[in-house]
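Peer 1: Once you've had a glance at the structure underneath, I'll fire off some questions.
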Amino acid sequence: MFEEIKDVAQLSRNPFQMIGQDWMLVSAAAGDRVNTMTASWGGLGVLWQKNVAFVFIRPQRYTREFVDAAETLSLCFLGEAQRKTLTYLGTTSGRDEDKIAKSGLHTLFCGETPYFEESELVFITKKLFVQRMDESAFLDKKIIEKWYPDHDFHFVYVCSIEKALQKTGKSE
């Protein structure tokens, strides 16, 4: 069971740990299909007087098609017990198989937005801005050499955090 966190600013979790080390699932729906991907790059902050999440998706990722088709997406934080699942979902394409079913995760919905029952924390977000990173904007060209040898620059999504859900430990 989940409870809504009314003020996301009251969360005491470390976003550097949550995103960079624990990882998250970025999930969206297109029609009756859902896809997800593991991400370890992103951020949380304030922009345009809104609590926002920054999400980075490479152009070739199948999940980007779902994110682009949807108005909303979820960011799910599953915890260390799901590390193998997160690794699998980050290395297998939903183009090739129904990776969500194979992972054993259970999809729930908040309106049109998919998220996972196994999550410890979920952000339901609404897209506000998207832009592909531009090679000319990089001031440190070594970043391109190291992270973009194929010039497959990420798309940057800025999403308002519309709802935060935290697992309560209670059974439904």
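Peer 1: With unit charges on the beta carbons (Lys and Arg positive, Asp and Glu negative) and the dipole taken about the Cα centre of the stretch 21-157, which residue among Met37, Pro59, His151 sits farthest to the positive side?
Peer 2: His151
Peer 1: With an 8 Å Cα cut-off and a minimum separation of 6 or more residues, compute the relative contact order for the stretch 116-172 in percent.
Peer 2: Computed value for the stretch 116-172: 55 percent relative contact order.
Peer 1: How large is ³J(HN,Hα), in whole Hz, for each residue of the stretch 158-168 in order, when computed from phi with the Karplus curve 6.51 cos²θ - 1.76 cosθ + 1.60 and θ = phi - 60°, using x for Gly and Pro?
Peer 2: Per residue, the Karplus-derived 3J(HN,Hα) values read 10, 10, 6, 7, 7, 7, 10, 10, 10, 5, 9 Hz.
Peer 1: Right, here's the next one. Placing unit charges on C-beta atoms (Lys and Arg positive, Asp and Glu negative, everything else neutral), compute the dipole magnitude of the chain about its Cα centre in debye, rounded to 20.
Peer 2: Dipole of the chain, to the nearest 20 debye: 260 debye.
Peer 1: So, for the stretch 49-172, what is the accessible surface per residue at a probe of 1.4 Å, expressed in square angstrom?
Peer 2: Per residue, the stretch 49-172 has 55 Å² of solvent-accessible surface.
Peer 1: Follow-up question, since we're still on this one. Enter the accessible area of Glu71 (Å², nearest 10), with the probe set to 1.4 Å and all protein chains included.
Peer 2: Probe radius 1.4 Å; accessible area of Glu71 about 110 Å².
Peer 1: Once the other residues with Cβ under 10 Å from the Cβ of Gly111 are scored (Lys, Arg +1; Asp, Glu -1), what is the net sum?
Peer 2: Here the charged neighbours net out to -2.
Peer 1: I would also like to ask the following. For the chain, which whole percent of the accessible surface, found with a 1.4 angstrom probe, sits on carbon and sulfur atoms?
Peer 2: The value for the chain is 49 percent carbon and sulfur by accessible area.
Peer 1: Under 5 Å between amide H atoms, partner at least 5 residues away or on a different chain: which partners does Leu108 have, H built in plane at 1.01 Å?
Peer 2: Result for Leu108 returns Tyr115, Phe116, Glu117.
Peer 1: Kindly write out, for the stretch 88-105 in residue order, the coupling ³J(HN,Hα) from the Karplus curve 6.51 cos²θ - 1.76 cosθ + 1.60 (θ = phi - 60°), rounded to whole Hz, with x marking Gly and Pro.
Peer 2: Along the stretch 88-105, the couplings run 4, 5, x, 10, 10, 8, x, 5, 8, 6, 7, 5, 5, 4, 5, 6, x, 6 Hz.
Peer 1: A follow-up question, please. Determine the order of Trp48, Trp23 by accessible area, beginning with the largest, at a probe radius of 1.4 Å.
Peer 2: If we order Trp48, Trp23 from most to least accessible, we get Trp48, Trp23.
Peer 1: Provide the gained length on full extension for the span Lys142 to Val8, in nm with one decimal, where the gain is 0.36 nm per separating residue minus the Cα-Cα distance.
Peer 2: Stretched out fully, the Lys142 to Val8 stretch lengthens by 44.7 nm.
Peer 1: Next question, about the same structure. Among the listed pairs Lys99/Lys126; Lys50/Lys141; Lys127/Lys163, which are separated by more than 21 Å between their Cα atoms?
Peer 2: Exceeds cut-off: Lys99/Lys126; Lys50/Lys141.
The values are calculated or read from the model by the stated rules, or taken from the named source; none is laboratory data. Note that the coordinates shown come from a computational prediction; the quantities given were computed from them, not determined experimentally. Don't worry about glycine lacking a Cβ; one is built from the backbone with ideal geometry, like all the others, and counts go over all protein chains shown. With ligands, DNA and RNA removed, areas are computed over all heavy atoms of the protein, side chains included. Shrake-Rupley method; radii C 1.70, N 1.55, O 1.52, S 1.80 Å.
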